[in-house]
Amino acid sequence: MKQSGINRSETFEALIVEQDEHGRFVSRIGRRRFDELPEHGLLIKVNYSGLNYKDALSASGHKGITRKYPHTPGIDAAGVVVHSDTDRFRNGDEVIVTGYDLGMNTSGGFATYICVPPDWTVRKPDNLTLLECMSIGTSGFTAASAIYEFIKHGTNPCESKVLVSGASGAVGSMAVAMLSKAGYKVTASTGKPEATEFLRRIGASEIIGREDLNDTSGKGLLPVRWHAALDTVGGNTLSTVLLSTAERGIVANCGMIASSKLEVPVFPFILRAVRLIGIAAAETPMERRLELWNLISNTLKPDCLDEMIRIVPLHDVPSALSAMINGSLQGKVVIKISA
């Protein structure tokens, strides 16, 4: 910190989550001191962050996400290095940090500064801006992780229909747009009829309702409807998706909005050889992480990225967090932290 010219007793603006006198978790914009940041190798001035469901859980006091409060959430950050203890990064480098422990138990991106280990940090790809990096963020990185698995599995864009459940959310909408950009025919499932036009604009060729993925017939298999699927919902939605997937198809799951439990017959696996994989983007090894950001920047970046996001200032984050918990957000919220 001394080399950076910043006094550790100085303060910076941040979102602070803490408990009030009634034990409720409340979010406010306040000041934090530099000496409250962890002493890791990179001090980064944050330009943009992105809103994710983990941030909303952290702001709600979810001890499975964040153990100690007061706390600053924000599992994503993009900005400029202002102090580095390693030769791998220099002052002025534009970098991105997504996942690992950022915003969970390490002070996160809803602040003017973060301090993180170099091993968590990715140099910004040349053909992405910092704003584009956070427009994609963890949600786009998660979607790209699933698409990477589809590609490895041999899912052919020219021949394959792909389903995205929870398609109006941050991960779902990014998956729709990225899959469309890669040439896949995308079926988007949503419980929000008002999102239909938005989903068509970003690349969905077919829109189905949430109820279409809630089979209660008890059948061991259902008619084939798609060759691959990204499920963000879990529960019976995921079960229905598996039962409806083509022979030797692939289903990726990254969420449990409906339920964390899965009850499904084994028939999709033993009769159709359907493959179910989990997507856990936060702990992606750095070698794969760099490969995925390369795939995003060169192949998957949506042409419609600007219309998929809403940029809000840091002061509007408490209301955006509430909207995310209530399920009323559509697309991706990007937070402008500093110029």
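The values are calculated or read from the model by the stated rules, or taken from the named source; none is laboratory data. Just so it is clear, the model here is predicted, and its values are computed rather than measured. Using ideal geometry, Cβ is built from the backbone for each residue, glycine included, and neighbour counts are taken over all protein chains shown. When the accessible area is computed, the model is the full protein with side chains, heavy atoms only, and any ligands, DNA or RNA have been set aside. Shrake-Rupley method; radii C 1.70, N 1.55, O 1.52, S 1.80 Å.
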Completion exercise
residue 303 vs (1) touching a residue at least 24 places away in the same chain (Cβ under 8 Å); (2) open to solvent by 80 Å² or more (accessible area, probe 1.4 Å); (3) within 20 Å of residue 172 (Cβ to Cβ); (4) touching a strand residue (DSSP E or B) at 6+ places or on another chain (Cβ under 7 Å): all pass except (4)
Handout entry: Selected residue (criterion: most open to solvent (accessible area, probe 1.4 Å)) from residues of the stretch 150-183 that are out of contact with any Gly (no Cβ under 9 Å at 6 or more places or on another chain) and under 18 Å from residue 292 (Cα atoms)
Key = 152
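May I ask you to verify whether residue 144 is crowded, with 19+ Cβ neighbours inside 10 Å, closer than 19 Å to residue 282 by Cα, of a type outside the set (Val, Ile, Thr) and without any contact (Cβ under 8 Å) to a residue 60 or more places away in the chain? Working first, answer last.
Details: crowded, with 19+ Cβ neighbours inside 10 Å: yes; closer than 19 Å to residue 282 by Cα: yes; of a type outside the set (Val, Ile, Thr): yes; without any contact (Cβ under 8 Å) to a residue 60 or more places away in the chain: no.
The answer is no for residue 144.
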Practice task
Kindly provide the set of residues from the stretch 190-209 that are surrounded by 15 or more Cβ atoms within 10 Å (Cβ to Cβ) and either touching a Cys at 6+ places or on another chain (Cβ under 8 Å) or over 21 Å from residue 178 (Cα atoms) (or both), ordered by number.
Solution key: 202, 203
Handout entry: Wholly within the stretch 75-120, strands (runs of 3 or more DSSP E) carrying at least 2 residues that are farther than 21 Å from residue 142 by Cα and at pLDDT 95 or above
Key = 76-84, 113-116
Handout entry: Residue pairs meeting the criteria (Cβ under 6 Å; at least 6 apart or on separate chains; first modelled with pLDDT under 95, in the stretch 245-272; second in a strand (DSSP E or B))
Key = 255/234; 256/234; 258/234; 259/234
Problem - the stretch 267-301: number of residues that are within 16 Å of the chain's Cα centre (by Cα), assigned to a helix (DSSP H, G or I) and basic (Lys, Arg) - result: 1
Handout entry: Boolean, residue 237 is surrounded by 17 or more Cβ atoms within 10 Å (Cβ to Cβ) and β-branched (Val, Ile, Thr)
Key = yes
Practice task
Considering each residue of the stretch 325-339, count those that are within 17 Å of the chain's Cα centre (by Cα), surrounded by fewer than 21 Cβ atoms within 10 Å (Cβ to Cβ) and among the hydrophobic types (A, V, I, L, M, F, W, C), and give that number.
Solution key: 2
Practice task
Give just the number: which of (1) in contact with a helix residue (DSSP H, G or I) (Cβ under 7 Å, 6 or more places away or on another chain); (2) acidic (Asp, Glu); (3) open to solvent by 30 Å² or more (accessible area, probe 1.4 Å) does residue 76 not satisfy?
Solution key: (3)
